[in-house]
Amino acid sequence: MSERVLIIDFGSQVTQLIARRVREAGVYSEIVPFNRADEVLEGFAPSGIILSGGPASVTYEDTPRAPEAVFTMGVPVLGICYGQQTMVAQLGGRVANSDHQEFGRAFVDVTDDCGLFDGIWARGDREQVWMSHGDRVETLPEGFRAVATSDGAPYAAIADDARHFYGVQFHPEVVHTPHGAALIRHFVIDIVGCAGDWTMAAFRETKIAEIREQVGSGKVICGLSGGVDSSVVAVLLHEAIADQLTCVFVDHGLLRAGEADEVVSLFRGHYNIPLIHRDAGDLFLGALEGVSDPEQKRKIIGKTFIDVFEEEAAKIGDAGFLAQGTLYPDVIESVSFTGGPSVTIKSHHNVGGLPERMNLKLVEPLRELFKDEVRALGRELGLPESLVGRHPFPGPGLAIRMPGEIRRENCDILRKADAIYLEEIRAAGLYDSIWQAFAVLLPVKTVGVMGDDRTYDHVLALRAVTSTDGMTASSYPFDHAFLDRVATRIINEVRGINRVVYDVTSKPPGTIEWE
């Protein structure tokens, strides 16, 4: 992988979006926290570098800085927000606190042409961007010139075309900057000079070869949940090492309607992958009886899952490896300067740690990919679209869709209602327009009248959100007729529910999964 871009992270909540935009341009990228960048730079050998935003102020001495080598390696550099400011400060310019802060939508006036804008913006253009800054550049280093201004930033964009150094005060990585993705693409393709030919087909072949080299003749256990991540891992491993792989599917009794049968049918029947299916629903539900505290429920489910998984894994014999669906966001979080290493089992359970006594080496073939890239790899591997395009369903399954005590009869109620909701979404042709949809059985009951009877039954909440990247989300704008149809079906077909409400909600930036 000779062409790649390194992103140095200064703590912005949207740094991951920079990597996504670079990869969307067909260029491989990785994120490294600023305090590890020195040790990574030489070995990574980047073709170009991007400095992210961050919450700190360059005006203080003890705040993050980029390694000096960034500016002497002879590769193009793009500084974004804080990244622009630290570039300016480190190269001899001046950054100061501003009385005119800019947060949210803003407009920049393009005052001059430059390499970064070529073919996208031109002198005289007025462009919408997304700002998030309290400091601003006040004096430029030698070699730089201003190429855009805003009401709160006289140097909203700066350029040193000779060294291919560029800085922008706004955030081009977010969708709220309409031409931002084009600017990033232009930087990595035309300025850095990458070919843009990083594809899932190439990744697949490379990763299969790496798996074979790592595993050799050893046996691998894969924790299969039926979700997208673990399913792609299982099929990729099976293609690489065939019968050296055994999947363990722990059915905890908290799955959606028909999911267990689908998992067994697809992986044991269609792919002929060795699969251990442990139906442990009674065990999990028994352990959860009478427990309503959400953190205690999570710990009980996690411990039970690990115990069952370890018990089944022991039956396989001399397995030396454990495969799991760790994604790149998990890797970023585990090495960030605000957190520490993680050994969390990354299946849709996401509730327990890997016991050291299992003494298994990890195989994590997806650790370089984002969620949308995992879906692309799944399609490349031939997985059915019904699985690859499935909404994320972080776990443990229905347990987090049921505040309060988890009871078997309530699981059945929620399972039926959720199935009707998703069935109607698919029938209306809306499934692929929604990032995630699910039903929640609320821990309250309400009095209602159904026909000639007075009822006292559960309230069900429906949630659906849209998202372009999984970092932010807004509630999906269903029309009233659709919600009326869904509510009528659920109340008529599911005993135990007499009221259905739609949860109009949003998800703030800075989180990865919606739970």
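The values are calculated or read from the model by the stated rules, or taken from the named source; none is laboratory data. In this text the structure is predicted, and so the values were computed from the model without any measurement. With ideal geometry, Cβ positions are generated from the backbone for all residues, glycine too; neighbour counts draw on all protein chains shown. Accessible surface areas use protein heavy atoms only, side chains included; no ligands, DNA or RNA. Shrake-Rupley method; radii C 1.70, N 1.55, O 1.52, S 1.80 Å.
Name the strands (runs of 3 or more DSSP E) wholly inside the range 1-113 in which the number of residues that are of a type outside the set (A, V, I, L, M) is 3 or more. Give the steps one after another, and end with the answer.
Working: elements: 4-9, 28-33, 48-51, 77-80, 94-110.
In the range 1-113, the matching strands (runs of 3 or more DSSP E) lie at 28-33, 94-110.
Taking the conditions (1) surrounded by fewer than 20 Cβ atoms within 10 Å (Cβ to Cβ); (2) acidic (D, E); (3) under 23 Å from G180 (Cα atoms) in turn, D9 satisfies each one other than (1). The residue pairs whose first member lies in the range 103-130 and is free of Cβ contacts under 8 Å to residues at least 24 places away in the same chain and more than 28 Å from P55 (Cβ to Cβ), whose second member is among the hydrophobic types (A, V, I, L, M, F, W, C) and not in a loop (DSSP other than H, G, I, E, B), and whose beta carbons are closer than 6 Å, counting only pairs six or more residues apart or on different chains, are R123/V110; D125/V110; R126/F107. Cβ-Cβ contacts under 7 Å between residues 6 or more apart (or on different chains), taken from a first residue in the range 321-335 that is under 14 Å from P365 (Cα atoms) to a second residue that is hydroxyl-bearing (S, T, Y) and at pLDDT 85 or above, are listed as G325/S230. Residues in the range 157-182 that are open to solvent by 40 Å² or more (accessible area, probe 1.4 Å) and touching a helix residue (DSSP H, G or I) at 6+ places or on another chain (Cβ under 6 Å): H164, A181.
Here's the yes/no breakdown for (1) in contact with a strand residue (DSSP E or B) (Cβ under 9 Å, 6 or more places away or on another chain); (2) of a type outside the set (G, A, S); (3) on the phi < 0 side of the Ramachandran plot:
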residue	(1), (2), (3)
G92	yes, no, no
A96	yes, no, yes
E102	yes, yes, yes
W121	yes, yes, yes
Q128	yes, yes, yes
M131	yes, yes, yes
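Just the residues that are touching a Ser or Thr at 6+ places or on another chain (Cβ under 6 Å) and in contact (Cβ under 8 Å) with a residue 40 or more places away in the chain, please, taken from the range 285-314. Once the filter is applied, which keeps residues that are touching a Ser or Thr at 6+ places or on another chain (Cβ under 6 Å) and in contact (Cβ under 8 Å) with a residue 40 or more places away in the chain, the range 285-314 yields nothing. Here T199 meets each of (1) in contact with a strand residue (DSSP E or B) (Cβ under 7 Å, 6 or more places away or on another chain); (2) among the β-branched types (V, I, T); (3) open to solvent by 50 Å² or more (accessible area, probe 1.4 Å) with one exception, condition (1). Among the residues making up the range 317-341, a single one is more than 20 Å from K371 (Cβ to Cβ), of a type in the set (A, V, I, L, M, F, W, C) and modelled with pLDDT under 65: F337. Scan the range 432-443 and tell me whether some residue there is more than 23 Å from the chain's Cα centre (by Cα) and not hydrophobic (A, V, I, L, M, F, W, C). Yes.
Among (1) touching a Phe, Trp or Tyr at 6+ places or on another chain (Cβ under 7 Å); (2) aliphatic (A, V, I, L, M); (3) in a helix (DSSP H, G or I), where does L266 come up short? It is condition (1) that L266 fails.
Using the structure shown, decide if P154 is modelled with pLDDT of 95 or more and not in a strand (DSSP E or B). Break it down stepwise before answering.
Numbers: modelled with pLDDT of 95 or more: no; not in a strand (DSSP E or B): yes.
The answer is no for P154.
Restricting attention to the range 420-436, the residues that are open to solvent by 40 Å² or more (accessible area, probe 1.4 Å) and either modelled with pLDDT of 95 or more or under 16 Å from L462 (Cβ atoms) (or both) add up to 7. State all residues of the range 111-156 that are open to solvent by 30 Å² or more (accessible area, probe 1.4 Å), hydroxyl-bearing (S, T, Y) and out of contact with any helix residue (DSSP H, G or I) (no Cβ under 9 Å at 6 or more places or on another chain); if no residue qualifies, say none. Correct list: T111, S132, T149.
Among the residues of the range 202-241, how many are outside any helix (DSSP H, G or I) and surrounded by 21 or more Cβ atoms within 10 Å (Cβ to Cβ)?
Final tally of qualifying residues: 8.
Pairs meeting the criteria (first residue in the range 455-468 and under 24 Å from R495 (Cβ atoms), second residue among the hydroxyl-bearing types (S, T, Y) and part of a strand (DSSP E or B), beta carbons under 6 Å, at least 6 apart or on different chains) are V459/T446; L462/Y502.
What about R20, is it buried (at least 16 other Cβ atoms within 10 Å of the Cβ), in contact with a helix residue (DSSP H, G or I) (Cβ under 8 Å, 6 or more places away or on another chain) and more than 25 Å from L140 (Cβ to Cβ)? Yes: the conditions hold for R20. Condition (residue is free of Cβ contacts under 8 Å to residues at least 12 places away in the same chain and either hydrophobic (A, V, I, L, M, F, W, C) or more than 20 Å from G226 (Cβ to Cβ) (or both)) applied to the range 370-381: is it met by at least one residue? Scanning the range 370-381 turns up no residue that is free of Cβ contacts under 8 Å to residues at least 12 places away in the same chain and either hydrophobic (A, V, I, L, M, F, W, C) or more than 20 Å from G226 (Cβ to Cβ) (or both).
For R185, are the conditions met, namely being closer than 30 Å to P76 by Cβ and crowded, with 19+ Cβ neighbours inside 10 Å?
On the way: closer than 30 Å to P76 by Cβ: yes; crowded, with 19+ Cβ neighbours inside 10 Å: yes.
So R185 passes the test.
Could you list all residues from the range 95-109 that are acidic (D, E) and surrounded by 14 or more Cβ atoms within 10 Å (Cβ to Cβ)? Of everything in the range 95-109, those that are acidic (D, E) and surrounded by 14 or more Cβ atoms within 10 Å (Cβ to Cβ) turn out to be E102, D109.
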